[in-house]
Amino acid sequence: MKNPFTGKSVWFITGSQHLYGEETLKEVAKDAQKIADGLSASDQVPVQVISKGVVTTSQEILKVVREANQDDSCVGIALWMHTFSPAKMWIAGLQEMAKPFVHFHTQFYREIPWDSIDMDYMNLHQSAHGGREFGHIVSRMRINRHVIAGYWQEEAVQKEFGDWARVAVGFTEAKTMKVARFGDNMRTVAVTDGDKVTAQQKFGMVVDGYGIMDLVDVMNGVSEREIDTVIAEYEQLYEIEDACRKGQKKHDTLREEARVELALRRFLDAGGYTAFTTTFEDLHGMKQLPGLAVQRLMADGYGFGGEGDWKTSAMTHIMKVIGYGTGKGTSFMEDYTYHFTADGGRVLGAHMLEVCPSIAKGKVKISVQPLGIGGKSDPARMIFTAEEGEALNASLIDIGDRFRLVVNEVVSVTPDAALPHLPVASVLWDPKPNLSVGAAAWIYTGAAHHSVYSQSVSSAQLEMLASMWDIEMILIDDSTSLRSLQNELRWNDVSFR
Ligand code: MN
């Protein structure tokens, strides 16, 4: 995947008023420039932060908001009230605001200069009450935004700013993304279905259907030379089972998977698709269900959902964009099998084949193994176990009258023992607050058996994303109680109606 942050920016706009005189406003503009430059230079912030100066009238605000709306490189706006900025002047601009925005509630100087502070100093450094006046109008207008309160040079504050900017890039990506579905969703399955028209209205993404023969046609155009190149890459990157090596009996299966990979890439790139789905119920003309090919594409940032699950596929890509460059992984996932132990228990997550190696720990092995579903020949797949540590599962569902995003924080752990007979990639996790409450809570929300598993995107970031989309999000974490969760669901039914 290309760096999604290249050429992207957050506009930094500073609010003030004319009451203080020209000298003060010059000072305000200088301070704003320094903060924007400081954020831009921070390792925590992956996009450019561009100061767009100080605004002091309703006309100026409306003008800069309209410019931001028109600018494709601008993914969001940061608003800072250096001084008091009477909020009625913000109404017209906020009414037309089409970009996500963060209210950056900070102050130019960290500490009060006890021995020199006078009224001039106080009048210049008024974020403490200027930010409150601005917050009032945004709340009164019922506009979703993110508020960051803290000192701008603080690492944690810069990280929150960067985390938000990442989400704004993911939100922007979703507006124009395209999902290709090969076949429909698995017959009679409820949760992988949903309203694709409403999804396009809400998120922007287009979901297009294709017959699997459209892919088979492209596969037939792949040359043996191209396949050789991909096989060489496999040999370099992964540990390949002996039976799959050149001259061995399963080598042709590996070559077939390389053909599928090349064809998928070609098909998706030609159509501008960054996410896709397959289904084992629609494989006419294929020798096998794509396994390794899907894993390779996910590793490159493409979204994927099994059995036609277009919502999870789109979320996989969007979350890969948000988490780009963090060095941690994101994958399509499914809660597969429970381990009910006295200490609370665990979940083994996996799928038939398609788990992304970005979450792998150590060397990845390629193997050809039987697949008892789909009635086709045995596919190649990557097998590995996942990196331990903090992670989450996210599931975007259509619950009939709206979309709901459900997130469960988990801690991934090393399996108690090796899994010598498990022919797929897997990850073992402890759901928060524990398996009983976590699993019951997930079920009350109606979230899917499919999810996006991620170590590179936080639940706080998914809350920001849900807020930008103006959709409901339910977080299952250490503080979840089933009683309040069920009440939250009841209240949200009214709130989001
Ligand atoms: Mn599945």
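The values are calculated or read from the model by the stated rules, or taken from the named source; none is laboratory data. Being a predicted model, the structure only gives us computed values, none of them experimental. For neighbour counting, all protein chains shown are included, and Cβ atoms are generated from backbone atoms with ideal geometry for every residue, glycine included. For the accessible areas, the whole protein counts, side chains as well, though only heavy atoms, and no ligand, DNA or RNA atoms are used. Shrake-Rupley method; radii C 1.70, N 1.55, O 1.52, S 1.80 Å.
Which stretch or stretches of the stretch 126-159 have amide N atoms under 15 Å from the point lying 7 Å from SER495's Cα along the Cα→Cβ direction?
Under 15 Å, as judged by backbone N against the label point of SER495, lie 142-145 of the stretch 126-159.
How large is the translational diffusion coefficient of the chain in µm² per second when you combine the Kirkwood radius over alpha carbon pairs with Stokes-Einstein at 10 °C and 1.306 mPa s?
65
Using helices alone, what [θ] at 222 nm do you get for the chain, with -39,500 (n - 2.57) per DSSP H run of 4 or more residues, divided over all residues and rounded to the nearest 500? Walk me through the intermediate numbers first.
Values: 15 runs with 190 residues, N = 497.
Estimated from H runs of four or more residues: -12000 deg cm²/dmol.
Got a sec? Charge dipole of the stretch 177-496, +1 on Cβ for Lys and Arg, -1 for Asp and Glu; which of THR253, PHE384, GLY345 is way out at the positive end?
The residue sitting most towards the positive pole is THR253.
Tell me, what ³J(HN,Hα) does each residue in the stretch 453-460 have, in order and in whole Hz, if you take phi through Karplus 6.51 cos²θ - 1.76 cosθ + 1.60 with θ = phi - 60° and put x for Gly and Pro?
Once θ is set to phi - 60°, the couplings for the stretch 453-460 become 8, 8, 10, 9, 10, 9, 5, 4 Hz.
On the accessible surface of the stretch 177-496, probed at 1.4 Å, how many percent belong to carbon and sulfur atoms? Intermediate values should be presented prior to the final figure.
Working: 6400 of 12730 Å².
Result for the stretch 177-496: 50 percent of the exposed heavy-atom area is carbon or sulfur.
Just list whichever of LYS175/LYS365; LYS328/LYS376; LYS249/LYS363; LYS2/LYS52; LYS99/LYS196 have alpha carbons separated by over 32 Å in the model shown.
Table pairs above 32 Å Cα-Cα are LYS175/LYS365; LYS328/LYS376.
Taking H placed 1.01 Å from N in the peptide plane, check which residues at least 5 places from MET81 or on another chain put their amide H under 5 Å from its amide H.
Here GLY15, THR106 satisfy the definition.
Near HIS339, within a Cβ-to-Cβ distance under 13 Å, what is the net charge of the other residues, with Lys and Arg +1 and Asp and Glu -1?
-3
Just how much of GLU67 is accessible, in Å², when a 1.4 Å probe is used and the result is rounded to the nearest 10?
80
Could you please state how large a percent of the accessible area of the stretch 23-73 is carbon and sulfur, counting protein chains only and using a 1.4 Å probe?
Values: 1170 of 2670 Å².
Reported share for carbon and sulfur atoms: 44 percent.
Roughly what % antiparallel, to the nearest 5, for the DSSP beta bridges in the stretch 177-496?
Bridges in the stretch 177-496 that DSSP calls antiparallel: roughly 65 percent.
Mind giving me the FRET efficiency for TYR336 and ASN434? R0 is 22 Å, r the Cβ-Cβ distance, nearest 0.05 is fine. Don't skip to the end; give the middle numbers.
Values: r = 19 Å, r/R0 = 0.84.
Using R0 = 22 Å, I get an efficiency of 0.75.
If you put +1 on each Lys and Arg Cβ and -1 on each Asp and Glu Cβ, how big is the dipole of the chain around its Cα centre, in Debye rounded to 20?
So the magnitude is around 700 debye.
Taking the Cα centre of the stretch 53-147 as origin and charging only Cβ (+1 Lys, Arg; -1 Asp, Glu), how large is the dipole, in debye to the nearest 20?
For this selection, approximately 500 debye.
Once you put a point 7 Å from the Cα of ALA418 and another 7 Å from the Cα of ILE143, both along the Cβ direction, what distance in nm separates them?
6.0
Could you derive backbone 3J(HN,Hα) for the stretch 346-362 from the dihedral phi with the Karplus parameters 6.51, -1.76 and 1.60 (θ = phi - 60°), listing whole Hz in sequence and x where the residue is Gly or Pro?
With coefficients 6.51, -1.76 and 1.60, one gets 9, 10, 9, x, 6, 8, 3, 8, 8, 10, 7, x, 5, 9, 6, 10, x Hz.
Using label points projected 7 Å from each Cα along Cα→Cβ, tell me how many nm separate GLN200 and GLN33, to one decimal.
4.6
Kindly write out, for the stretch 390-404 in residue order, the coupling ³J(HN,Hα) from the Karplus curve 6.51 cos²θ - 1.76 cosθ + 1.60 (θ = phi - 60°), rounded to whole Hz, with x marking Gly and Pro.
4, 7, 8, 10, 10, 10, 9, 10, 9, 9, x, 10, 5, 9, 10
Using the Cα centre as the reference, give the magnitude of the dipole from point charges on the C-beta atoms of the stretch 9-175 (Lys, Arg: +1; Asp, Glu: -1; all else neutral), rounded to the nearest 20 debye. List each step's numbers first, then the result.
On the way: 16 positive and 21 negative charges, 151 e Å.
Roughly 720 debye for the stretch 9-175.
Sticking with the crude label model, points 7 Å out along Cα→Cβ, report the distance from ASP343 to ALA128 in nm, one decimal please.
For the pair ASP343/ALA128, the computed spacing is 4.8 nm.
Rounded, prolate or oblate: which fits the stretch 1-75, taking a ≥ b ≥ c as square roots of the Cα gyration tensor eigenvalues, rounded meaning a/c under 1.5, else prolate when a/b beats b/c?
Taking the square roots of the gyration eigenvalues as a ≥ b ≥ c, the stretch 1-75 is oblate.
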